[in-house]
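Here's the structure, in structure tokens; my notes come after.
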Amino acid sequence: MHQNNVVAEVKNLKVYYDMGDRTIRAVDGIDFTIREGDCFAIVGESGSGKSTLGLSLIRLCPGKVSGEIIVDGVDLMKLSDEEIRKFRCSKISIIFQEPSSALNPVMKIGEQLMEVFTVHGYSKSEAYERSVKLLKTVGIPEAEKRMQSYPHQLSGGMKQRVIIAMAIALNPRLVIADEPTSALDVTIQAQILNLLKNLTKSYGLSTILITHDMGVAAEICNRIGIMYAGKMVEVGELESIFSNPMHPYTRALMTCIPRGLKGLLKPLPGHVPDLSNPPEGCRFHPRCPYAKDVCKKEEPKPLHLDDRLVLCHRVGEI
Amino acid sequence: MMEKYKQLFKSTRVQLCLSIILLFIFMALLADIIAPYDPIEIDLSKSCNPPSKDHLLGTDELGRDILSRIIYGSRLTITISFVATALGATAGIFFGVISGYFGGIVDTIIQRITEILLALPGFLLAIMFVAIMGSNLWTVIVSVSISMTPSFIRMVRGLALQVRELEYVLAAKQLGANSIKIMFRHVIPNISPTIIAQVTLNLGTSILFASGLGFLGIGVPPPAPEWGTMLGTGRAYIFYAPHLIIFPGLSVFLLVLSFNIIGDKLGEIIASK
Amino acid sequence: MGVKPVLSALKYFFYRILTLAITLIGLVTLIFILIRSIPGDPARVLAGMMASEEDVNLIREQLGLNQPIYVQYFIYLKNLFTLNLGVSFRTDSPVISEILARLPNTLILAVTSTCLAVALGVPLGILAASKKGGKLDLFLSSLSIAGISLPIYWLGLILILIFSVELRILPAGGSGTPMHLILPTVTIALYLMAFIVKITKASVVDSMEKNYVITAKSKGLSERTILYKHVLRNALIPVVTIVGLQFGALLGGAVITETIFAWPGLGRLIVDSINSRDYPMVQGSIFIFALLYALVNLATDLLYTFIDPRVRLK
Amino acid sequence: MIELVRGENLSKSYNIKLSLTKSIKVKAVEDVSLSIIKNEVFGLVGESGSGKSTLGRLMLYMERPDSGKIIFKGLDLSKAKGEEVRTARRKMQVVFQNPDLSLDPRMRIYDTLKEALECCKYKGDFKERMKTVMEDVGLSVDALSMFPHQLSGGMKQRVALARAILAEPEFIVLDEPTSALDVSVQAQILNLLIELRKKLNLTYLFISHNLSVVSYVSDRVGVMYLGKLLEIGECDEVFNEPLHPYTKLLISSVPTLYMAKKFFAQNHSGVAENGDENVSGCRFFKRCPYAKDICKSKEPELKGDKHMVACHFA
């Protein structure tokens, strides 16, 4: 279907946290590919490892990371600290969840925004001009005035716009958005999602959107990956996953969400496992209504069906 | 929570500090038995003798054995430190919880009084009280405890203000639990870790204050072997009998350091939640 | 700036001055009550046991002790706030002139030691924070907690022992030359520095864990730039406040240091007056101390509103 | 249709400090009347700052309204005696949003429930009663001996619910009970709530910012914006045929799994701001695409029979 260029490729990515007496395997062998213009959603519940994944992609994760992260043909894992610094923001950037804590409270908005340019070699005056333009692009009224504002003088939605401006400032190849709207009200969330959608189009950005909300994913993404307990259990085109979810967890997620339909929801029993001691075999088997003996013993191998990838022993049977 | 406190005792530094504190408490309790000499009896023939076999830490200007004076002095220091802190902390918790939990006019009154007491740095406040009330063991204890009470009230009040808005307190209120019960069952237990850390630090500070008063000659009056008082009288002989000031000061330092290290570690553990 | 923000800042300033005055009135009222509540004739208490009947009568006259208690109280307040602090029993000169003569010495000591402590303590605190968990951090942190636990009077004596008794390079006490300033300054500065190292480190470590640091990293800033540009700007705000408050508390510590080094400041004046039962002098110097302390705290608060944009007076 | 609780003309405002000199009065709830019918689930939706939680607390009489009254089963609580109020409040229980703050971290579950039973002066066997309630909320009896930190978020919410139903309430305010939970756990709790309501004959006031959750559990809904109720009606009616422009905006803002029509949300760019509630006209005026002059000058009343709306043009 897509013959576009590959922007990023993640191979066998693992992130472990060493806690002394135990190891938390937050991300445990994940592969995926981002193509140009893709908006790839990574959906999972808390404790699925999705935020760790996001941070590790830009090499800001404090845990032990292994595997390959290839962005624009360069393996980030092989770069020196100095090289990765230059890579950040210019090739790969990130948008965080909490707009109120992500900005430095004692620095002016303009100063924080201009910094992105100056650190990557722009002159002060050029940085200023570009920053003002950028603020206008992300829909902040009175941009010149706002350059002189401090973060606490802006609303949550406005702060998130500033952060988005920073992320797209140098026109990077890949933007990671980690729950960009979870801290915002729903009407503001709609505005921000809309902005992200428009920017992706006009800038030709490729994005990874990390979220717990299937609805948010559906809103702006074209491909989707479902994470559960450190594993990517299903990856595919948005429409095809929504019309035909193959993994039992994906199905459960979709039937858990109230959608204005009356009648009882079908909740999953139990909760997300402890990642320092995940279940043997398929990590989902204790909560899975279709689990058989094989699921308890053997870890399922990735199964490729057309454009779909599923991690389940019982694909096709259920 | 208990596991966190266990973590405290695992640290070697804390173990060392605890042993030092216990050593001084032990000295205070058994002073009559372990002290080699009478701490008060004067023998001018032995004035300012340097440390020797007979007098391990030497003798002071009036020929009294310094080791014995330090041993008996630990009684005063430990008493002052624990009693003053207990008084200050009790008053601080009492007024702080009332102020923070009930708010309103009671809060305003307590706050104003606290502000007045905070109008002077703690040590000066203690000096002011002993200056007016005169110097003896009890006025020193009361002055030191009053000097630590206002900041204690402030801290406890702040904590109580936070806890009273917490959901489990609101839920208990909705069930009809009365305020006294809520205070003892929810508020005080939940602010106790921070209080314990603060109390530990105050044990050290109260020693510094009490012996500071002694040093200035307005603390526990001579001939009582109070460490600060010993330093104050001994400093006149600094040019030819430095041992008079080295050992009492070292005792103060060790004890205060021990309390401070434990208090710091406690604070660290609470913050690591 | 328009007229309105200036007005609002002025309003705040007057509000603070007003609360300051109320607090001071509270404090002197407390002293008034305490002195009156001591059993016996207040005039006799104030004059001391050795005073002659004439002196006692003179004091009774001065303080209006023959009049009803509320009149006494107002006379007392009026006297304090017009800085008419009475006459010293010991020297027979006005209390206020004695105090004013000593005050500069105390201030010199406080300012030099604070400067020294800040100049050394802040960089060391930052250093400890940036090497958090390492050997240097352990060393500096241990040194800092030891410094805080050191009884300042003992530290002073030990310094005298080393530099005056053994090495004979610095005077043990007195005033007059810059040499005399060194030991008292170092004594206070060491304690204060230990304290500053501790809070600076805590504040810097705290700021380094904030989300905006990750944001800064994601922009491609180097660790060094992040520390100097982002972290310190946040971390030093509480440090400034605490140093301000400590400067006030230093005035209390001055009592001890001035006594050790025979430094003719306000602190030693208090101790000498207490020991010679010169009550007007004690009362007067405590009042002046409280006034100074309050002014320093007020200045610190105003400084805080100036350096932190979040509370800046609009 | 029997009315259980009624709030009449409730208002509540808080002082919020903006800077050292400036503080503003935020009207969290302003002149809101709400009647809750026995056995219904009334859903209250609104964004942050809409005052929905404050309204919930007022209905519980947990906070006293500045003006207006609460009538529980015909009893005006503002006029009732202390003991009557306590009994009434016991019949009105609450479950909060944050499972970590809902339970005292230093008390075992058993003690938390015991406290509730003691407060209700329960006469029977504590153990038996707890066992029944734990079964009701789907927890095993083993959990009684545990501390909150040993339980998952969903289990903590179940305990909070158990504590509430121990008092045999008739009315429960559920303040965002599932917002801190994962979707799979949220579904468990929502189903449990529906089940319990049938079994124990309960009435809920369900507060949430999540429209799909509210539409799933509610019979009737109210939409709040900056301290005012803008629309009330049967759940299906409000969600399918919203009358107020704000309700329309809210509904079209929700990301759904279906590609819904997004015209309204996409063409909208306002924010609710502090102070907007102080305008003389409609509070949604600034953000409303249909606003006319009258909206600026005159505040619309909440009108209608079953489906009520506060808009000049509905």
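The values are calculated or read from the model by the stated rules, or taken from the named source; none is laboratory data. Because the structure is predicted, anything quoted here is derived from the model rather than measured. Using ideal geometry, Cβ is built from the backbone for each residue, glycine included, and neighbour counts are taken over all protein chains shown.
Data overview
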read-out	value
Subset tally (residues that are surrounded by fewer than 20 Cβ atoms within 10 Å (Cβ to Cβ) and not in a strand (DSSP E or B)) for the range C:87-113	14
Filtered residue count, the range A:98-127, keeping only those that are surrounded by fewer than 24 Cβ atoms within 10 Å (Cβ to Cβ) and in contact with a Gly (Cβ under 7 Å, 6 or more places away or on another chain)	3
Residue match in the range D:126-144 (condition: within 14 Å of chain A (Cβ to nearest Cβ), surrounded by fewer than 15 Cβ atoms within 10 Å (Cβ to Cβ), out of contact with any Leu (no Cβ under 9 Å at 6 or more places or on another chain) and not charged (D, E, K, R))	yes
Flag if C:THR305 is more than 20 Å from B:LEU231 (Cα to Cα) and of a type in the set (Ser, Thr, Tyr)	yes
Selection count, the range A:59-81, where residues are within 27 Å of A:THR250 (Cα to Cα) and crowded, with 23+ Cβ neighbours inside 10 Å	0
The range B:131-146: number of residues that are touching a residue at least 24 places away in the same chain (Cβ under 8 Å) and more than 8 Å from every other protein chain (Cβ to nearest Cβ)	10
Filter result for C:ALA172 (under 24 Å from the mean Cα position of the chain (by Cα), modelled with pLDDT under 85 and closer than 21 Å to B:PRO248 by Cβ)	yes
2 or more residues touching a Leu at 6+ places or on another chain (Cβ under 9 Å) and facing another protein chain (nearest Cβ under 9 Å): qualifying helices (runs of 4 or more DSSP H) within the range A:40-121	A:81-87, A:109-119
Any pair with Cβ under 8 angstrom, 6 or more apart, that starts in the range C:14-25 at a residue that is more than 17 Å from B:THR114 (Cα to Cα) and ends at one that is β-branched (Val, Ile, Thr)	C:TYR15/D:THR21
Matching residues, the range C:215-224, being surrounded by fewer than 18 Cβ atoms within 10 Å (Cβ to Cβ) and either assigned to a helix (DSSP H, G or I) or touching a Phe, Trp or Tyr at 6+ places or on another chain (Cβ under 7 Å) (or both)	C:GLU223, C:ARG224
Odd one out for C:VAL239, checked against (1) out of contact with any helix residue (DSSP H, G or I) (no Cβ under 7 Å at 6 or more places or on another chain); (2) aliphatic (A, V, I, L, M); (3) under 30 Å from A:ASN104 (Cβ atoms)	(1)
From the options B:ILE105, B:ILE98, residue that is surrounded by fewer than 17 Cβ atoms within 10 Å (Cβ to Cβ), part of a helix (DSSP H, G or I) and more than 20 Å from the chain's Cα centre (by Cα)	B:ILE105
Residues that are part of a loop (DSSP other than H, G, I, E, B) and either modelled with pLDDT of 95 or more or not small (Gly, Ala, Ser) (or both), drawn from the range B:201-228	B:LEU216, B:ILE218, B:VAL220, B:PRO221, B:PRO222, B:PRO223, B:PRO225, B:GLU226
So B:LYS181, is it in contact with a Cys (Cβ under 9 Å, 6 or more places away or on another chain) and either within 14 Å of chain C (Cβ to nearest Cβ) or surrounded by fewer than 23 Cβ atoms within 10 Å (Cβ to Cβ) (or both)	yes
Among residues of the range D:1-52, those that are among the polar types (S, T, N, Q) and within 14 Å of chain A (Cβ to nearest Cβ), counted	3
Condition broken by C:GLY176, with the remaining ones in (1) touching a helix residue (DSSP H, G or I) at 6+ places or on another chain (Cβ under 6 Å); (2) at positive phi satisfied	(1)
Selection within the range C:272-314 - within 14 Å of chain A (Cβ to nearest Cβ), buried (at least 16 other Cβ atoms within 10 Å of the Cβ) and of a type in the set (A, V, I, L, M)	C:VAL311, C:LEU313
Matching entry among A:VAL315, A:VAL294 (being over 24 Å from the mean Cα position of the chain (by Cα) and either on the phi > 0 side of the Ramachandran plot or outside the structural domain of A:GLN189 (by TED's automatic domain parsing) (or both))	A:VAL315
Inter-residue pairs, beta-carbon under 7 Å, first over 21 Å from B:GLY228 (Cβ atoms) and in the range B:255-273, second among the β-branched types (Val, Ile, Thr) and outside any helix (DSSP H, G or I), 6+ apart	none
Residue satisfying condition, being over 30 Å from B:ARG13 (Cα atoms) and either buried (at least 18 other Cβ atoms within 10 Å of the Cβ) or within 12 Å of chain B (Cβ to nearest Cβ) (or both), within set C:GLY147, C:GLY156, C:GLY173	C:GLY173
In the range C:203-214, the residues that are out of contact with any Ser or Thr (no Cβ under 9 Å at 6 or more places or on another chain) and either buried (at least 20 other Cβ atoms within 10 Å of the Cβ) or closer than 24 Å to A:LEU174 by Cα (or both)	C:SER203, C:SER207, C:ILE214
Flag if A:MET147 is within 13 Å of another protein chain (Cβ to nearest Cβ) and either crowded, with 22+ Cβ neighbours inside 10 Å or of a type in the set (A, V, I, L, M) (or both)	no
Scope the range C:188-230; condition under 30 Å from A:LYS91 (Cβ atoms) and either among the basic types (Lys, Arg) or in contact (Cβ under 8 Å) with a residue 60 or more places away in the chain (or both); matching residues	C:MET208, C:LYS210, C:LYS217, C:LYS219, C:ARG224, C:LEU227, C:LYS229
Of residues in the range B:234-266 being over 18 Å from B:PRO51 (Cα atoms) and in contact with a Pro (Cβ under 9 Å, 6 or more places away or on another chain), the one farthest from the other protein chains (Cβ to nearest Cβ)	B:LEU266
Qualifying residue in the range C:245-253 (condition: away from chain B (no Cβ under 14 Å) and part of a helix (DSSP H, G or I))	no
Set B:ARG112, B:ARG75: member being more than 22 Å from B:PRO150 (Cα to Cα), in a helix (DSSP H, G or I) and of a type in the set (Lys, Arg)	B:ARG75
Subset of the range B:147-178 [among the small types (Gly, Ala, Ser) and either more than 10 Å from every other protein chain (Cβ to nearest Cβ) or touching a Gly at 6+ places or on another chain (Cβ under 8 Å) (or both)]	B:SER147, B:SER151, B:GLY158, B:ALA160
Scope the range A:284-304; condition part of a loop (DSSP other than H, G, I, E, B) and within 14 Å of chain D (Cβ to nearest Cβ); matching residues	A:PHE284, A:CYS288, A:PRO289
